[in-house]
Amino acid sequence: MIGSVGLTQYAVLALGLLVITSEFTSGTIRTTLQCTPSRGRVLLAKAAVTGTVTFVLGLLLGVVGAAVAGPVLGRWGTAPTGGTIGDVLAVAAYLALVSVLALGLGAALRSAVLALTVLVATLMIVPLSLQEPDIAVLNRIADAFPGVAGGHFLAGDTDPYPAPVGLLLLAGWAGAALLLGRAALRRRDA
């Protein structure tokens, strides 16, 4: 399931980025900020809508994936503990948090291409580079990155930390991205 979510997350990243960067590109962000001068409120509303839409999309994709995997993969297509509903909810939560992370970085960087580059580096390239030498300290640092933390959450790992800690780490990254985006909106687009 983690492999299929890894591919699906890129569509969700694009959605999260385009929610805000399309407004910067077209110039409609000026109208948005004139109508609602509170930058934090604008970004929070966008995060709520983006997170909700991608959560529902994640539920739909998880249900379709589970329905297809069962007949095709047989016993390998079902969760060992019958936790298919929990897996679907985990996928939806992961995708919602990743989209909010993308939204926050999009607000901070204002460019879809730049934000997508930073996201791919943060979610995949840097953690994989840290894990490659198989040095314990670097592996622990990589475990704190959002993609790895989300992977631990989706897999229900207990090592190096429990799955809920992975979810909290991912949520922390998403929250930090929103704070960074809010600071950039307040400073640059005042």
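Please verify whether segment 64-84 includes one or more residues that are surrounded by 15 or more Cβ atoms within 10 Å (Cβ to Cβ) and either modelled with pLDDT of 85 or more or more than 23 Å from His152 (Cβ to Cβ) (or both). There is no residue in segment 64-84 that is surrounded by 15 or more Cβ atoms within 10 Å (Cβ to Cβ) and either modelled with pLDDT of 85 or more or more than 23 Å from His152 (Cβ to Cβ) (or both). Looking only at residues of segment 1-18 that are surrounded by 16 or more Cβ atoms within 10 Å (Cβ to Cβ) and farther than 14 Å from Leu119 by Cβ, we find that the one that is modelled with the lowest pLDDT is Met1. With respect to (1) out of contact with any Phe, Trp or Tyr (no Cβ under 9 Å at 6 or more places or on another chain); (2) on the phi < 0 side of the Ramachandran plot; (3) not hydroxyl-bearing (Ser, Thr, Tyr), the lone exception for Gly27 is condition (2). Note on segment 95-123: among residues that are of a type in the set (S, T, N, Q) and assigned to a helix (DSSP H, G or I), the one that is nearest to Leu33 (Cα to Cα) is Ser99. When you scan segment 37-50, do you find a residue that is part of a helix (DSSP H, G or I), surrounded by fewer than 16 Cβ atoms within 10 Å (Cβ to Cβ), at pLDDT 90 or above and basic (Lys, Arg), even just one? Yes, segment 37-50 contains a residue that is part of a helix (DSSP H, G or I), surrounded by fewer than 16 Cβ atoms within 10 Å (Cβ to Cβ), at pLDDT 90 or above and basic (Lys, Arg).
The values are calculated or read from the model by the stated rules, or taken from the named source; none is laboratory data. Here the structure is a predicted model, which is why all the values come from computation and not from measurement. Ideal geometry is used to build each Cβ from the backbone, glycine not excepted, and the neighbour counts take in all protein chains shown.
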